[in-house]
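All of the numbers you see were taken from the coordinates with simple rules; none came from a lab. Since the model is a prediction, treat every value here as computed from it, not as a measurement. We place every Cβ from the backbone using ideal geometry, glycine too, and count neighbours over all the protein chains shown.
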Amino acid sequence: MNARFQIAVHILTLLYHANGEVYSSDFISGSVNANPALIRKELSNLRKHGLIESKEGKTGGYTLSKSAGLITLADIYNAVKPASPLGLAKNQPHPECLVGKQVNKHISVLYQDIDHNITQQLDSITLADFGKKFA
């Protein structure tokens with residue numbers, strides 16, 4: 001597990017409350033209280049996934065790319081989710097062990113189910129819904 005989802009939700013909720021005002025990466029990193037390089041990396045990822053837009057130059061910064069009512073928390077999750085919701089072991093189990101030869105297959109199915117359930121729940125919450133909690 002990592003903190004990318006929480007950071008991305010923080011960034012996007014902040015931009016939702018900006019009401020179209022452009023926020024710099026420095027301003028955003030101050031709000032998140034995180035390393036500016038980490039925030040710029042996440043901003044780049046969110047832009048790549050079409051959730052935010054950027055404006056270059058001295059008065060540049062970031063805004064939402066579309067209405068917060070059209071962005072779901074599932075969209076955010078899918079933009080930042082790790083390869084596995086619960087982590088992956090680096091070792092390969094012994095292929096002749098009763099458990100070892102099947103564990104990865106069964107864990108993979110379990111992870112797919114968990115990921116589906118997370119996505120399904122987050123798909124019912126828009127960024128606007130979430131952002132209204134901060135009024």
Spatial separation of Cα centroids for region 1-56 and region 82-121, in angstrom: 31 Å
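Where does the chain land on Rg/Rh, using Cα atoms and the Kirkwood Rh?
Numbers: Rg = 18.2 Å, Rh = 16.5 Å.
With Rh from the inverse mean 1/r over Cα pairs, Rg/Rh is 1.10.
Please give the FRET efficiency for Asn33 paired with Asn78, using the beta carbon to beta carbon distance and R0 = 25 Å, rounded to the nearest 0.05.
Working: r = 25 Å, r/R0 = 1.01.
After rounding to 0.05, the efficiency reads 0.50.
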Violating pairs (Cα-Cα greater than 23 angstrom) within the set Lys41/Lys81; Lys81/Lys101; Lys41/Lys105; Lys55/Lys81; Lys48/Lys90; Lys66/Lys132: Lys81/Lys101; Lys41/Lys105; Lys55/Lys81; Lys48/Lys90
Backbone HN-Hα couplings from phi across region 108-118 [Karplus 6.51/-1.76/1.60, Hz, Gly and Pro as x]: 4, 5, 4, 5, 4, 5, 4, 4, 4, 5, 4
Amide H contacts of Ile52 (H built 1.01 Å from N, under 5 Å, at least 5 apart or other chain): Arg47, Ser65
